[in-house]
Structures are given as structure tokens and as C-alpha cells.
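A.B. asks: Next up is a structure, given as C-alpha cells.
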Amino acid sequence: MATPLYPQATRELAAKRRELAPEILEAFRQFSQRVFADGALPSKTKQLIAVAVAHVTQCPYCIRSHPKLARQHGATPEEIMEAIWVAAEMRAGAAYAHALLALDTLEQGSG
């Protein structure tokens with residue numbers, strides 16, 4: 001069986017991360033809690049944004065965790081899937097838009 005690209009998140013790995021930089025980890029946890037708390041945007045919306053960003057950044061840990069968190073904050077499966085489609089469009093749209101850079105480079109090189 002092939003070794004997975006990303007290790008399974010385990011208590012042992014989490015403990016090692018905490019052990020190596022406990023103050024920074026605590027600061028990150030506090031930051032994360034504040035970011036995802038209700039504010040100008042409700043927590044549900046923030047979790048849907050996180051679902052989309054997780055798919056654009058392709059973080060497997062976030063892809064596994066944020067849909068669950070979105071559901072816990074009241075998001076429907078349909079809303080989660082729409083957020084993923086928004087991410088897909090944005091990623092494809094970026095490739096489409098950046099084609100202008102390639103075309104511009106080609107035009108500059110042919111002169």
C-alpha cells in the first residue's frame with residue numbers, strides 16, 4: 001500500500017506541534033476562534049467561505065473539517081456544494097484571466 005501524501009491527524013502529532021511551540025499554538029487558537037466568531041458576518045457564512053477557500057488552497061485537513069463545521073453552524077449540504085462551486089469557478093476564472101499574461105508575453109516576444 002502506498003504511503004499517503006498527508007499524514008493522518010493524530011493526537012501524537014498534535015501533541016508534538018503543541019510541545020514545539022505552545023505559546024504560538026495558543027495564539028493561533030485564539031485568533032482562529034475570534035475569526036470564526038459571529039461578527040459582521042455570521043459564523044455560518046464564515047464557515048462557507050472557509051469551505052470554498054479550503055478547496056482553492058486544496059488543504060485536505062480543511063476540506064475534511066470545514067464542511068462539518070459549516071453543518072454545525074446551520075449550513076445545508078446544498079449551500080456547502082454551492083460554496084465549492086464558487087471555489088471551482090474562481091480557480092478556473094483565474095486561469096482564464098491569466099491567459100492574458102501569456103498572450104501579452106507571446107505578442108511581446110514576436111516583435
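A.B. asks: Might you check whether a residue that is surrounded by 11 or more Cβ atoms within 10 Å (Cβ to Cβ), of a type in the set (D, E, K, R) and within 29 Å of Glu89 (Cβ to Cβ) occurs anywhere in the stretch 4-17?
C.D. replies: Taking every residue of the stretch 4-17 in turn, none turns out to be surrounded by 11 or more Cβ atoms within 10 Å (Cβ to Cβ), of a type in the set (D, E, K, R) and within 29 Å of Glu89 (Cβ to Cβ).
A.B. asks: Is it the case that Val35 is in contact with a His (Cβ under 9 Å, 6 or more places away or on another chain) and either surrounded by 11 or more Cβ atoms within 10 Å (Cβ to Cβ) or within 27 Å of Arg91 (Cβ to Cβ) (or both)?
C.D. replies: no
A.B. asks: Being in a helix (DSSP H, G or I) and either in contact (Cβ under 8 Å) with a residue 24 or more places away in the chain or in contact with an Asp or Glu (Cβ under 9 Å, 6 or more places away or on another chain) (or both) is the filter here, so list the residues in the stretch 1-24 that pass it.
C.D. replies: Of everything in the stretch 1-24, just one residue is in a helix (DSSP H, G or I) and either in contact (Cβ under 8 Å) with a residue 24 or more places away in the chain or in contact with an Asp or Glu (Cβ under 9 Å, 6 or more places away or on another chain) (or both), namely Arg18.
Any read-out appearing in this document is the output of simple, stated calculations on the displayed coordinates, not a laboratory observation. The structure presented is a predicted model; accordingly, all values stated were derived computationally and were not measured. Every residue, glycine as well, gets a Cβ built from its backbone with ideal geometry; the counts of neighbours run over all protein chains shown.
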